[in-house]
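See structure below.
Only the coordinates and a few stated rules stand behind these numbers; no lab work does. Being a predicted model, the structure only gives us computed values, none of them experimental. Neighbour counts are summed over all protein chains in view; Cβ atoms, including those assigned to glycine, are modelled from backbone coordinates with ideal geometry.
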Amino acid sequence: MANQTTQAALQKPKLSLGGIINLSMGFMGIQMGFGLQNGNASRILSDFGADVHELSWFWIVAPLTGLIVQPIIGHMGDNTWGKMGRRKPYFLVGAILAALGLIFLPNSNIVAGEGMSVMEFMGISAILWIGIGFLALMDVSFNISMEPFRALVGDMLPKSQSTLGFSVQTILIGLGAILGSFFPWILFNWFGIANTAEAGSVAPNVIWSFYLGAAILIITILYTILTVKEYPPEDFAKYQGEPADDGFQKSKLSDIFVDAWNMPTRMKRLGLVQFFSWFALFTMWVFTTVAISQNVYDTEVNAAIYNLAKEKLQTYVETHTGKEAQDAQKLLASLEEVEPGDKGYFINSKAAAFLANGVVYPNEQLPQAIAQNTASADAQTLSKWQALPESEKYSDAELMAQLKDLPELSAEARASLEFKYINLQHGLGGDWTNVLFGTYNAIATAFAFLLSFIARKTSRKFTHIFSLVMGGLGLISMMFITEPEWLLLGMVGVGMAWASILSMPYALLIDSLPPAKMGVYMGIFNFFIVIPQIINALIGGPIVHAFFNDYATYYLAFGGVLFLLAALFTLRIKEPLFGEAEVMRLQELDAQRQS
C-alpha cells in the first residue's frame, strides 16, 4: 500500500526578487488593458450613444464573465499539467483574445459599417451591441489570464513570501494601469493626437491607446511564459504533503460547488469585505468620467439652450433623409427623455458632438454668424477668437465665456458655441479621468512597496482597514471638489485602498486554503468581487437616474461610504490587529520543523 503513504509537506524554496517579478510581469500587461477599459469604456459607449443611466447595464458583462469564467479556469488550472505548465496555457489564450478585444472595441462603429449602424435591437443600436460584445470578449480574456496569475503566486511561493509576492504583483499591476490610464492624455498633450471625434466615433487618442495596450499585453505575457518554470506534478505533491507515489490527484468540475459550500470561515468573512469594496470600485469605474465632466468640466446646458436644441434637432429631422435623419431622430428621442438636474440638463457626448457639428449652425457658418450678430465694440474679442487655430478655438474657457455673454449674440450662435464647448469638455473630462485613474494606480504602486513593512509592524488586518478608510474619504471628497487638479488629492486615498485590495485579502486568505485547490478557491473567492459588480450594474444606473437626476457625483460619494463599511467588516477577521509579525515568525518556525 505504498501509494497510501504520505510524507510531511516540504517547504517550497524561496524565490529571488527577480523570480517573483517574473511571476507577475504578464499581470502588468493585463492590468494595462484593464486600466484602458476602466478609464475609457464609459467614454466609448457614450460616444456610441449610451445615456448616463444605461452605462452600468452595459458594464455588467465584466463581472458576469468573471463570475462564470474564473472558477472554471481556476479548476481547469488546478487540473492542467502539460508541456507549458499548469497556469501558463491560460495566460497565452487570454492574452490573444484580450488583444483582439482591445483592438476592436473602439472600432465597433467601423465593424458595424454603414448598413448595421442604423439597425436596432431591443431599443439599442447595433453599434452599441457590437461594442458590448467586444467589451465582453475583453473581460472574458482578462479573467482567463487574471485568475491563473494569482494562483501562480500561491503555487510557486512559500507562505513566508506570500505577502511579498502579492505586494510585488500589486506593484506591477499598478505600473501597467498607470501606463494604460495615461496613454490617452499623453497622446493628446504630447503628440497632438485629437481627443474629440465626429458623432458616433471614438477619439483617435483613445483608439491608439488601445492599440498600444494590445501590443504591450502580448509582450509582457510572453515574458512570463518564457521566464517562469512551474513545478511538475511530483514536486508539487511533495510541497503539499500528498501521497508520495500518487503524484497529482485530479478533481471533477462538479467539485467547484462542493468546494464553494465548504469554503473556510475566513474566506466567508473576507468575502463580505470584498463585496463592499468592489461595489465601491465599480461605482468609481463606471461613473467617474460622467461625474467629473458634470461637476468639474461644465457639460450642462441651461433650459433656453436645451429647448432650442430640441427645436433645431426636430427641424433637422424634418429636412434631412437617410442615416443623418435617423441619427438625429434617435438623439431627439434621447434629449426628450433628459430631465433637469441640480446643475441643468446634462447631454451625453454623442448628442453634444452631433449638435456641435451643425444642427444649430454648421461649422463653416458659425464664425460668420457670430460676426453678423456682434457689435463693433466687441470686435476685439471676436477677432482674438477668430485668430485662434481650429484646434484651440473652443478650449479657452475665459474667451468662450466672453463670446457666449455678448448681448448681441443670437440664440443660435450662442447654442452652437455652447455645444462645441461641451463637446470639448467631454473630451477633456474623459482624458482627465484617465489621469485620475493613472494617479491612483501610481499611488497604489508606491504604497505597495510599504504594504509588507506596514503589515509586519502592525498587521495585515490593520493595514487593510486603514487603506479602506483612506479610499472612502478619497471618493467622498470628489463630491466637494470643482477644480480638476484637486481631484488628484482624493486619488491618493483611492490608490492606497486599491493597493491593499489587490494584496491584503489574498495574503489573509492564502493561509486558510488547501494547496491542491488553490486555483479553484481563488476562482470562488472571485464571486465576492463580481457579484457586487453585477448588482451595482443592475441598480446603479436607475439609482443615478431616479434619485440624482443623472448627476453621478453623488453616487461616487456613496461608493466612498461603502469603502468605510468594508473597513468595519474587516474587524471581524480573527487575527491580531497589532503584533502580527510574531505570529508570522512562529508560523515560519513551525513550517521549518515540519520539513
- Quick one: check the C-alpha center-to-center distance for the stretch 181-216 versus the stretch 343-369, whole angstrom. 22 Å
- Item | Extended-chain gain in nm, criterion 0.36 nm per residue less alpha-carbon gap, GLU575 and ALA446 | 43.9 nm
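If I stretch the segment between GLU198 and PHE453 completely, what's the gain in nm (0.36 nm per residue apart, minus their alpha carbon distance), one decimal?
Values: separation 255, 0.36 × 255 = 91.80 nm, distance 5.03 nm.
That works out to 86.8 nm of additional length.
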- Query: Taking the Cα-to-Cβ direction at GLN365 and at LYS14 and moving 7 Å from each Cα, how far apart do the two end points lie in nm?
  - Reply: 7.6 nm
- At GLU390 and LYS83, where each label point lies 7 Å from the Cα along Cα→Cβ, what is the point-to-point distance in nanometres? 5.6 nm
- How high is the FRET efficiency between VAL93 and LYS268 when r is their beta carbon distance and R₀ equals 41 Å, given to the nearest 0.05? 0.85
- Ordering of 131-138, 419-426, 479-486 by burial proxy (mean other Cβ atoms within 10 Å per residue, highest first): 419-426, 131-138, 479-486
- Quick shape check on the stretch 300-422: root eigenvalues a ≥ b ≥ c of the Cα gyration tensor, a/c under 1.5 is rounded, otherwise prolate if a/b tops b/c, else oblate, and it reads prolate
- Message: With θ taken as phi - 60° and the coefficients 6.51, -1.76 and 1.60, list the Karplus ³J(HN,Hα) couplings across the stretch 381-389 in order, rounded to whole Hz; mark glycine and proline as x.
- Response: 4, 5, 5, 4, 5, 5, 6, 6, x
- Task: Enter the Cα centre distance for the pair the stretch 271-291 and the stretch 377-421, rounded to the nearest angstrom.
- Result: 39 Å
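Does the stretch 264-313 classify as rounded, prolate or oblate by the C-alpha gyration tensor (a ≥ b ≥ c root eigenvalues; a/c under 1.5 gives rounded; else a/b over b/c gives prolate, otherwise oblate)? Write down the numbers at each step before the final one.
Values: a/c = 6.79, a/b = 4.14, b/c = 1.64.
The shape class here is prolate.
Please state the charge dipole magnitude for the stretch 300-422, taken about the Cα centre, from unit charges on C-beta atoms (+1 on K and R, -1 on D and E), reported in debye and rounded to the nearest 20. Provide the component values of the computation, followed by the final result.
Working: 11 positive and 19 negative charges, 36 e Å.
My answer is approximately 180 debye.
So how much slack lies between SER160 and GLN372, counting 0.36 nm per residue of separation and subtracting their Cα-Cα distance, in nm? Walk me through the intermediate numbers first.
Details: separation 212, 0.36 × 212 = 76.32 nm, distance 7.62 nm.
Extending this stretch completely gives an extra 68.7 nm.
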- Of the listed links LYS229/LYS268; LYS393/LYS420; LYS12/LYS238; LYS323/LYS350; LYS14/LYS574; LYS238/LYS457, those spanning more than 21 angstrom between alpha carbons are LYS229/LYS268; LYS14/LYS574; LYS238/LYS457
